[in-house]
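What follows is a single structure, written as structure tokens, with notes after it.
The values are calculated or read from the model by the stated rules, or taken from the named source; none is laboratory data. Just so you know, these numbers come straight off a predicted model, no measurement behind them. Cβ: placed from backbone, ideal geometry, glycine included. Neighbour counts: every protein chain shown.
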Amino acid sequence: MQDYEHFIGSFSFDIRLAESDIVGSIAHAEMLTKTKIISTRDGKRIISGLKLILKDLKRGWKIPREEDIHYAVEKELIRRIGPVGGKLHTARSRNDQVATDLRIYLKQEIETVRDLINNFQKTLVEKASDNIDVIMPGFTHLQPAQPILAAHHLLAYAWMMQRNKDRLLDCYKRTDTLPLGSAALAGTSFKIDRQYLAKLLDFSNISENSLDAVSDRDFAIEFVFCVSMISLHLTKFCEEMILWLNPAFNYITIGAQFTSGSSIMPQKRNPDCAEVVRGKSGMIFGDLIALLTMAKSLPLAYNRDLQEDKLPVFDALDNIKTCLEVINKMTDSLKFVKDKTLKSAKKGFIAATEIADYLAKNNIPFRTAHGIVKDIVLYCQKNSKTLEELSLEEYNKFSPMFKKDIFVHLDFENIISMKASYGGTSKKSILRQIENIKRNLK
Ligand code: ARG
């Protein structure tokens with residue numbers, strides 16, 4: 001190996017693309033044979049040589065190191081079948097080859113990540129169904145705002161995950177364009193058949209412009225953006241799990257295996273898994289920035305900078321796969337502490353909006369009603385009372401419009417069932433949401 005070959009090479013990380021590379025090469029050899037660019041005899045020798053290398057790799061055999069995986073496979077082929085192996089690289093360059101390999105690889109992985117999201121969604125839906133009657137405070141600014149069903153909160157994440165799945169599907173469509181046949185940058189004078197290649201490799205489209213095809217890494221960047229978005233959503237979820245596990249909240253419990261003890265404070269159970277998933281976002285967002293920065297300002301067409309796309313893509317991919325698996329299992333172990341969430345909902349005057357709505361429905365302008373209820377809350381705070389504890393007489397001191405039925409409006413189950421607007425937190429709406437999201441699940 002020459003002095004800087006290791007530095008400029010990519011073997012240590014693009015070895016991951018070995019299978020995609022060989023699959024791409026087999027298709028290329030088949031195309032070269034079909035178009036009679038190489039003879040059937042040579043084509044057959046090349047293809048069976050490649051298949052053997054793939055078989056050996058799958059058995060755990062280590063291919064000798066070269067500058068990159070493309071050279072490694074080609075050299076190994078020549079070692080095994082002789083100089084005829086050198087015909088494989090006819091009408092092809094490593095530039096269209098590497099772009100093809102990465103697309104083949106990512107198309108599979110996009111499907112894997114979508115499946116993992118799907119599993120997480122299923123768990124969320126299951127938890128929502130199992131806890132359909134659990135009442136908790138909904139927050140804005142992390143301050144108690146209005147009572148909601150815990151199921152509504154969980155389903156919010158199921159919908160975020162649905163968008164992530166859709167986004168990945170969209171990314172898949174753009175990844176599904178085959179660059180092979182663009183050669184180094186200008187196309188080739190050999191009479192190749194790119195449509196045939198696309199058919200063999202199961203690509204929906206072939207690229208229209210060879211310069212664009214060999215330099216385009218948009219799909220990889222887009223993939224890492226999709227991953228970043230999933231990661232972002234997971235940090236929100238983890239943050240809430242961490243809060244809810246805090247004894248001050250005590251809303252939930254999770255399996256002990258997702259927590260760890262402290263080396264000094266015997267009483268502690270720390271929510272480490274949720275914390276690590278939250279922390280992994282740093283690397284994942286970093287991967288996105290790394291890719292954007294690597295790709296910016298590059299003149300057409302291929303530049304060696306592009307080789308550096310793989311590490312961030314693989315890193316983001318590996319991390320999100322583990323994060324989704326861990327979070328899915330952790331969520332599966334989640335149990336609500338029903339009386340704690342309800343007790344917490346009873347603090348913080350979260351029925352106040354309901355009282356204002358009650359007055360507004362009795363023809364008092366909402367703004368005036370808002371002022372009246374604000375005074376009621378102040379009165380409660382001064383007299384250490386909750387809204388439910390006030391008598392009708394006390395309510396009437398603030399407005400004659402209050403009738404006995406005001407107390408019905410203070411009942412949490414009622415408050416929630418009245419939020420029957422489409423997408424609201426009523427049980428009816430939750431059941432509809434569950435039905436609708438299930439249509440998106442495999
Ligand atoms: N290892 C290279 C990469 O990953 C393959 C392409 C090399 N092309 C070149 N013109 N040097 O990008």
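Out of the range 27-45, which residues are touching a Leu at 6+ places or on another chain (Cβ under 7 Å) and either within 16 Å of the ligand (Cβ to nearest atom) or without any contact (Cβ under 8 Å) to a residue 40 or more places away in the chain (or both)? Within the range 27-45, H28, G43 qualify.
Annotation: D14 fulfils all but one of (1) crowded, with 20+ Cβ neighbours inside 10 Å; (2) closer than 20 Å to A198 by Cβ; the unmet one is (2).
Within the option set N396, N362, being of a type in the set (S, T, N, Q), modelled with pLDDT of 95 or more and out of contact with any Asp or Glu (no Cβ under 7 Å at 6 or more places or on another chain) holds for one residue only, N396.
When you look at D68, is it away from the ligand (no atom under 16 Å from the Cβ), modelled with pLDDT of 95 or more and of a type in the set (D, E), yes or no? Can you show your working first?
On the way: away from the ligand (no atom under 16 Å from the Cβ): no; modelled with pLDDT of 95 or more: yes; of a type in the set (D, E): yes.
Spelling it out, it is not the case that D68 is away from the ligand (no atom under 16 Å from the Cβ), modelled with pLDDT of 95 or more and of a type in the set (D, E).
Please count how many residues of the range 390-437 are in a helix (DSSP H, G or I) and over 46 Å from the mean Cα position of the chain (by Cα). Adding up the residues that qualify gives 9.
For the range 277-314, a residue qualifies if it is away from the ligand (no atom under 12 Å from the Cβ) and of a type in the set (G, A, S), and the qualifying residues are G279, S281, G282, G286, A290, A295, S297. Scan the range 370-386 for residues that are more than 43 Å from the chain's Cα centre (by Cα) and either at positive phi or part of a helix (DSSP H, G or I) (or both) and the total you get is 10.
G348: surrounded by 12 or more Cβ atoms within 10 Å (Cβ to Cβ), not in a helix (DSSP H, G or I) and not basic (K, R), yes or no? Considered against the rule, which asks whether it is surrounded by 12 or more Cβ atoms within 10 Å (Cβ to Cβ), not in a helix (DSSP H, G or I) and not basic (K, R), G348 comes out as yes. Considering the range 89-111, and only residues there that are away from the ligand (no atom under 14 Å from the Cβ) and either touching a strand residue (DSSP E or B) at 6+ places or on another chain (Cβ under 7 Å) or not in a helix (DSSP H, G or I) (or both), the residue that is farthest from L77 (Cα to Cα) turns out to be A91. For the range 197-217, which residues satisfy the criterion of being buried (at least 16 other Cβ atoms within 10 Å of the Cβ) and farther than 27 Å from A295 by Cα? Of everything in the range 197-217, those that are buried (at least 16 other Cβ atoms within 10 Å of the Cβ) and farther than 27 Å from A295 by Cα turn out to be L197, L200. Checking each residue of the range 377-387 against the condition of being at pLDDT 95 or above, aromatic (F, W, Y), touching a helix residue (DSSP H, G or I) at 6+ places or on another chain (Cβ under 7 Å) and surrounded by 12 or more Cβ atoms within 10 Å (Cβ to Cβ) gives no match. Remark: pairs (first residue in the range 414-435, free of Cβ contacts under 8 Å to residues at least 40 places away in the same chain and under 17 Å from W159 (Cα atoms); second residue part of a loop (DSSP other than H, G, I, E, B) and β-branched (V, I, T); Cβ separation under 7 Å; 6+ apart in sequence or on different chains) are absent.
Is it the case that the range 103-122 has a residue that's farther than 24 Å from F223 by Cα, of a type in the set (K, R), in contact (Cβ under 8 Å) with a residue 24 or more places away in the chain and crowded, with 21+ Cβ neighbours inside 10 Å? The answer is no, given that none of the residues of the range 103-122 is farther than 24 Å from F223 by Cα, of a type in the set (K, R), in contact (Cβ under 8 Å) with a residue 24 or more places away in the chain and crowded, with 21+ Cβ neighbours inside 10 Å.
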